[in-house]
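K.L.:
Just dropping this structure here.
The values are calculated or read from the model by the stated rules, or taken from the named source; none is laboratory data. Keep in mind it's a predicted model, so treat the numbers as computed, not measured. Virtual Cβ from ideal backbone geometry, glycine too; neighbours counted across all protein chains shown.
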C-alpha cells in the first residue's frame, strides 16, 4: 500500500447500498475491504469487477469476527482509516405482535450491536496508533417514520444507530475522529425481497415527494462525501436521503 492511501472497511459491502459504496470509494482511490455475511457469489462478482478490492466473510454481531475482518483488511491493504457501517437486516414485513423473538434479536444484533462493535474496533486501532479516522453509519428514514405495519423493530434499531452516531461523535471529536450517518429512504435493493415484498419500492413510491425510489448510487455518493475532506467540519450529522420523506 502506498503511503497515505485511504483504507476503508464497508460492512455489508458486496450487495445493495454497500456494493455501491464499495464501487464509489474504489473509483475515488480508496483501498476497500468489503465485509459480507454469507453471499459468496456476490463477493466473487465484486472481486472480479473491482481489482484490488478485498471481500471478507464476517458476522458483525460477533466481536471475534469483527476483529478478524479488520485484521484481514489491514493484512491485505494496510491500516484502516475509515469505516462504513452498512450491514443491516429488516426481518420480515408484518405487525409487531406477530414478530418472532428470534427475528427481533437478530435485527438488533446486526443493526445496533454490529454497528457498535465495528465502531469500537476501529476506534481502538486508531487510538493505539494515535491517528484519527472517519465513520459513516447507515440508518434509514424508518427511524423517524416508524414503519407501522411493516417493521417497527427495524425502525427502532435504526433510531438507535442515529443516537449512537450523535453521542459517539461528541465522545471522539477531540481525537479528530468524525462520525456521521446517512438515513436513506426507500432504495431499490434486494433488502425488500428479503423482507417479503420485492415490489415495495414501487408500491410506496407515491408517498415520496420526489415521486420515485432512490438508487444505491445516490446513497453511496452521500456516504463518500461524508468520508471525504470536503466534509471536514461535519460530525454528528444525520443526513436524510429519502427523496423528501
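K.L.:
Would you mind finding the one in 54, 7, 21 that is on the phi < 0 side of the Ramachandran plot and crowded, with 24+ Cβ neighbours inside 10 Å? Give the derivation first.
P.N.:
Working: 54 fails: crowded, with 24+ Cβ neighbours inside 10 Å; 7 fails: crowded, with 24+ Cβ neighbours inside 10 Å.
The unique qualifying residue is 21.
K.L.:
A further question on this structure: Taking residue 163, is it in contact (Cβ under 8 Å) with a residue 24 or more places away in the chain and either closer than 25 Å to residue 117 by Cα or not in a loop (DSSP other than H, G, I, E, B) (or both)? Give the derivation first.
P.N.:
Numbers: in contact (Cβ under 8 Å) with a residue 24 or more places away in the chain: no; either closer than 25 Å to residue 117 by Cα or not in a loop (DSSP other than H, G, I, E, B) (or both): yes.
So residue 163 fails the test.
K.L.:
Would you call residue 66 over 22 Å from residue 169 (Cβ atoms) and in a helix (DSSP H, G or I)?
P.N.:
Taking the combined requirement at face value, the residue does not satisfy it.
K.L.:
Here are some conditions: (1) closer than 27 Å to residue 91 by Cβ; (2) free of Cβ contacts under 8 Å to residues at least 12 places away in the same chain. Residue 208 meets all but one. Which one does it not meet?
P.N.:
With (1) closer than 27 Å to residue 91 by Cβ; (2) free of Cβ contacts under 8 Å to residues at least 12 places away in the same chain applied to residue 208, the lone miss is (2).
K.L.:
Follow-up question, since we're still on this one. When segment 142-153 is examined, which residues are found to be crowded, with 24+ Cβ neighbours inside 10 Å and either out of contact with any helix residue (DSSP H, G or I) (no Cβ under 7 Å at 6 or more places or on another chain) or in contact (Cβ under 8 Å) with a residue 40 or more places away in the chain (or both)? Walk me through it before giving the result.
P.N.:
Just the residues of segment 142-153 that are crowded, with 24+ Cβ neighbours inside 10 Å, to begin with: 142, 151.
Across segment 142-153, the qualifying residue is only 151.
K.L.:
Does any residue of segment 156-178 turn out to be farther than 19 Å from residue 122 by Cα and either touching a strand residue (DSSP E or B) at 6+ places or on another chain (Cβ under 8 Å) or modelled with pLDDT under 95 (or both)?
P.N.:
yes
K.L.:
Looking at segment 187-202 only, could you name the residues that are surrounded by fewer than 16 Cβ atoms within 10 Å (Cβ to Cβ), touching a helix residue (DSSP H, G or I) at 6+ places or on another chain (Cβ under 9 Å) and part of a helix (DSSP H, G or I)?
P.N.:
Once the filter is applied, which keeps residues that are surrounded by fewer than 16 Cβ atoms within 10 Å (Cβ to Cβ), touching a helix residue (DSSP H, G or I) at 6+ places or on another chain (Cβ under 9 Å) and part of a helix (DSSP H, G or I), segment 187-202 yields only 193.
K.L.:
Which pairs turn up if I take residues in segment 219-237 that are on the phi < 0 side of the Ramachandran plot and crowded, with 16+ Cβ neighbours inside 10 Å and look for partners that are modelled with pLDDT of 95 or more and assigned to a loop (DSSP other than H, G, I, E, B) with beta carbon separation below 7 Å, at least 6 apart in sequence or on another chain?
P.N.:
Pairs found: 224/28; 226/234.
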